[in-house]
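A.B. asks: I have a structure I would like to understand better, so I am pasting it below and will then ask my questions one at a time.
The values are calculated or read from the model by the stated rules, or taken from the named source; none is laboratory data. Everything numeric in this text was worked out from a predicted model, so none of it was measured. Cβ: placed from backbone, ideal geometry, glycine included. Neighbour counts: every protein chain shown.
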Amino acid sequence: MSHLIRLATEADLAAIMELEKASFGNDSWSRPTMRAELMAPHTFYVVASIGEKIVGYAGLSKVGSSASADIQTIAVSDSHRRAGIGRELMQMLIEQASKLSATEIYLEVREDKPAPQKLYEQLGFERIDRRENYYQPDGVAAIVMRLAISLSDKSEPVVLGIETSCDETGIGIVRGTTLLANVISSSMDQHARFGGVVPEIAARAHLEALEATLQKALQDAGVSIKDIDAVAVTNGPGLAGALMVGVGAAKALAVAIDKPIYAVNHLVAHVAVDVLERGKLETPTVALLVSGGHTSLLLVRDLLNDVELLGETIDDAAGEAFDKIARVLGLSYPGGPEIDKVAKNGDAKAIRFPRGLTLPKDQEKHRYNFSFSGLKTAVARHVELAESKGEQISIADVAASFREAVVDVLVTKAINACQDNNVPRLILGGGVVANSRLREVAEARCQEAGIELRIPALSLCTDNGAMIASLAAQKIMAGVQPSKLDFGVYSTLPV
Ligand code: KG4
Ligand code: ZN
């Protein structure tokens with residue numbers, strides 16, 4: 001019959017005491033002491049059972065905010081030695097210490113017991129001290145051992161991510177692949193009268209929003225700043241001044257709480273957000289990232305080691321095009337949602353607007369690149385021409401036709417990227433993903449082409465801190481070393 005390891009309960013007390021007496025004789029704890037330890041909030045006790053019978057137990061203590069934990073006791077019944085039970089009990093305690101954010105574990109072991117010492121060494125413990133005359137009444141010395149828990153050993157690191165590359169101040173907190181908090185403060189309203197993001201205003205707004213956003217994120221996640229294992233921050237691509245505010249804050253935070261920092265690529269993070277919903281990123285995948293700041297097609301063979309930029313916009317970003325055309329049509333900022341709304345009542349076939357970089361001659365150099373400037377000019381001309389002739393234009397038709405042109409190009413190129421590279425899946429990211437027509441067309445054409453389409457929740461598509469934390473957590477779990485504190489910001493950081 002095989003053994004089972006589970007949390008100890010008060011009902012196990014009698015069996016534990018029996019084992020305690022058999023293992024430690026005169027040196028064993030009294031029943032009241034054992035009971036108190038078992039039930040204490042700062043301890044973690046597990047038992048190994050075979051059927052109804054308890055054949056081993058072990059306990060760990062970690063007090064409050066202290067970074068170190070102690071193995072309090074461990075025993076396995078004589079008749080069940082050498083079955084790996086002691087090792088499994090220890091592993092459970094180490095895992096728990098790690099979950100509780102301990103960075104080191106201490107234990108003491110009798111000098112005259114080489115077998116457990118060897119086990120602890122195999123588990124990574126190092127001998128750091130010897131205490132003379134420690135165990136009574138026989139006066140045997142204690143060997144003190146220590147295990148340093150590195151971040152990469154943590155099965156689920158708690159990571160705080162800071163995003164300030166554009167106009168969203170985003171703070172997200174994840175535990176491994178679990179989303180704990182995703183708080184966003186946007187300065188969009190402050191840019192409205194300029195019809196687009198003003199870098200200086202965005203940077204200033206980040207500075208003003210960071211503190212409150214951070215506090216809200218910690219509160220939402222139900223963690224304290226001491227529970228954070230690592231800080232992550234976008235260091236590009238994006239607006240230099242805006243990035244600098246986030247990077248400065250992240251560095252200060254990491255130094256203050258004495259935790260490692262990870263510099264993260266914003267575009268790759270848009271893809272990493274997927275693991276928060278699915279646990280694991282299925283690769284290879286193509287990613288289409290469309291927002292007010294970027295329009296990029298990525299081929300992701302491996303999230304951490306192999307991301308290729310297939311193409312990007314050579315002029316405006318898709319969202320930017322929406323915002324500019326909204327202005328031409330007298331709609332408010334941000335233009336994407338406005339155009340989307342108006343277009344619902346329009347005819348998408350009313351005007352055939354140009355599809356940028358889709359001609360046969362573009363296929364060689366610009367197969368995966370985008371351009372929206374020609375489209376923008378065409379829409380503006382159409383409106384001007386109608387006005388000069390004194391004709392009434394249908395804003396709904398123009399909006400629908402414009403939207404159709406953008407969506408057609410985005411989806412066509414994304415599907416080409418999948419098919420050319422034999423990739424059976426496509427993931428979308430960025431604020432333009434909110435576009436209802438983009439969703440419709442992407443769904444229909446992906447289905448037709450046998451491509452699996454992934455659209456993360458909108459709150460994870462738009463710029464956010466959770467995606468930054470998520471990518472850093474993936475790095476940590478893969479053993480990637482933290483960034484050195486002197487990293488800079490790069491407005492055109494490559495993937
Ligand atoms: O990712 P995001 O929130 O942040 C930045 O890029 O800063 O994207 C914002 C962009 C804006 O340009 C906005 O007009 C566009 O996404 N957008 C949309 C829609 N909703 C937002 N574009 C088209 N259709 C929409 N429904
Ligand atoms: Zn973005």
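A.B. asks: Which of (1) touching a residue at least 40 places away in the same chain (Cβ under 8 Å); (2) more than 30 Å from residue 474 (Cβ to Cβ) does residue 140 not meet, given it meets every other one?
C.D. replies: (1)
A.B. asks: May I pose another question? Can you pull out the residues in segment 447-471 that are more than 16 Å from ligand 2 (Cβ to nearest atom) and out of contact with any Cys (no Cβ under 8 Å at 6 or more places or on another chain)? If you could, list the steps in order and put the result at the bottom.
C.D. replies: First, pick out the residues of segment 447-471 that are more than 16 Å from ligand 2 (Cβ to nearest atom): 447-454.
Hits for segment 447-471 are 447, 448, 450, 454.
A.B. asks: Need pairs with beta-carbon distance below 8 Å; first residue farther than 30 Å from residue 131 by Cα and within segment 145-172, second of a type in the set (Phe, Trp, Tyr); sequence gap 6+ or separate chains.
C.D. replies: 159/262
A.B. asks: A further question follows. Looking only at segment 435-450, count every residue that is crowded, with 20+ Cβ neighbours inside 10 Å and in contact with a strand residue (DSSP E or B) (Cβ under 8 Å, 6 or more places away or on another chain) and tell me the total.
C.D. replies: Qualifying residue count for the region: 3.
A.B. asks: How about segment 39-59: which of its residues are surrounded by fewer than 22 Cβ atoms within 10 Å (Cβ to Cβ), within 17 Å of residue 70 (Cα to Cα) and not hydrophobic (A, V, I, L, M, F, W, C)?
C.D. replies: Within segment 39-59, 41, 42, 43 meet the criteria.
A.B. asks: Here is a list: 183, 233. Which entry is farther than 30 Å from residue 328 by Cβ, more than 13 Å from ligand 1 (Cβ to nearest atom) and touching a Phe, Trp or Tyr at 6+ places or on another chain (Cβ under 8 Å)? Give the derivation first.
C.D. replies: Working: 183 fails: touching a Phe, Trp or Tyr at 6+ places or on another chain (Cβ under 8 Å).
Just one listed residue meets the conditions, 233.
A.B. asks: What's the total number of residues in segment 413-443 that are more than 17 Å from residue 286 (Cα to Cα) and away from ligand 2 (no atom under 16 Å from the Cβ)?
C.D. replies: 3
A.B. asks: Another question about this same structure. I need every pair where a residue in segment 231-247 that is closer than 17 Å to residue 484 by Cβ has its Cβ under 7 Å from the Cβ of a residue that is among the charged types (D, E, K, R) and at pLDDT below 95, sequence separation at least 6 or different chains.
C.D. replies: Partner pairs satisfying both residue conditions: 231/259.
A.B. asks: Continuing with this model, one more query. Say whether the condition of being of a type outside the set (A, V, I, L, M), away from ligand 1 (no atom under 11 Å from the Cβ) and touching a His at 6+ places or on another chain (Cβ under 8 Å) is met by at least one residue in segment 312-322. Walk me through it before giving the result.
C.D. replies: First, the residues of segment 312-322 that are of a type outside the set (A, V, I, L, M): 312-313, 315-316, 319-320, 322.
Next, from what is left, pick out any that are away from ligand 1 (no atom under 11 Å from the Cβ): 312-313, 315.
With the extra rule that they be touching a His at 6+ places or on another chain (Cβ under 8 Å), the set shrinks to 312-313.
Scanning segment 312-322 turns up at least one residue that is of a type outside the set (A, V, I, L, M), away from ligand 1 (no atom under 11 Å from the Cβ) and touching a His at 6+ places or on another chain (Cβ under 8 Å).
A.B. asks: Still on this structure, please answer the following. Determine which member of the set 385, 471, 438 is at negative phi, in a helix (DSSP H, G or I) and under 19 Å from the mean Cα position of the chain (by Cα). Can you show your working first?
C.D. replies: Values: 385 fails: under 19 Å from the mean Cα position of the chain (by Cα); 438 fails: under 19 Å from the mean Cα position of the chain (by Cα).
Of 385, 471, 438, the one residue that is at negative phi, in a helix (DSSP H, G or I) and under 19 Å from the mean Cα position of the chain (by Cα) is 471.
A.B. asks: Restricting the search to segment 155-174, which residues are within 17 Å of residue 482 (Cα to Cα) and in contact with an Asp or Glu (Cβ under 8 Å, 6 or more places away or on another chain)?
C.D. replies: 155, 157, 158, 159
A.B. asks: Find the residue count for segment 101-140, including only residues that are more than 27 Å from residue 66 (Cα to Cα) and among the small types (Gly, Ala, Ser).
C.D. replies: Going through segment 101-140 one residue at a time, the tally reaches 2.
A.B. asks: Could you tell me how many of the residues in segment 126-153 are farther than 30 Å from residue 230 by Cβ and β-branched (Val, Ile, Thr)?
C.D. replies: Qualifying residue count for the region: 2.
A.B. asks: How many residues does segment 275-296 hold that are within 16 Å of ligand 1 (Cβ to nearest atom) and either modelled with pLDDT under 95 or not β-branched (Val, Ile, Thr) (or both)? Working first, answer last.
C.D. replies: Just the residues of segment 275-296 that are within 16 Å of ligand 1 (Cβ to nearest atom), to begin with: 287-296.
Now restrict to residues that are either modelled with pLDDT under 95 or not β-branched (Val, Ile, Thr) (or both): 287-289, 291-294, 296.
Total meeting the criteria: 8.
A.B. asks: Would you list the strands (runs of 3 or more DSSP E) that sit entirely within segment 244-307 and hold 3 or more residues that are farther than 22 Å from residue 367 by Cβ? Spell out how you get there, then give the answer.
C.D. replies: On the way: elements: 261-265, 285-290, 295-302.
By residue number, 261-265.
A.B. asks: Just checking, which of 186, 165 is buried (at least 16 other Cβ atoms within 10 Å of the Cβ), within 25 Å of residue 458 (Cβ to Cβ) and more than 19 Å from the chain's Cα centre (by Cα)?
C.D. replies: The unique qualifying residue is 186.
A.B. asks: All but one of (1) part of a strand (DSSP E or B); (2) surrounded by fewer than 17 Cβ atoms within 10 Å (Cβ to Cβ) hold for residue 142; which doesn't?
C.D. replies: With respect to (1) part of a strand (DSSP E or B); (2) surrounded by fewer than 17 Cβ atoms within 10 Å (Cβ to Cβ), residue 142 is out only on (2).
A.B. asks: Also: Among the residues of segment 308-330, write down those that are in contact (Cβ under 8 Å) with a residue 60 or more places away in the chain, crowded, with 18+ Cβ neighbours inside 10 Å and in a loop (DSSP other than H, G, I, E, B).
C.D. replies: Within segment 308-330, 316, 329 qualify.
A.B. asks: Which of the residues spanning segment 460-487 are surrounded by fewer than 15 Cβ atoms within 10 Å (Cβ to Cβ) and out of contact with any helix residue (DSSP H, G or I) (no Cβ under 8 Å at 6 or more places or on another chain)?
C.D. replies: Scanning segment 460-487 gives 481, 484, 486.
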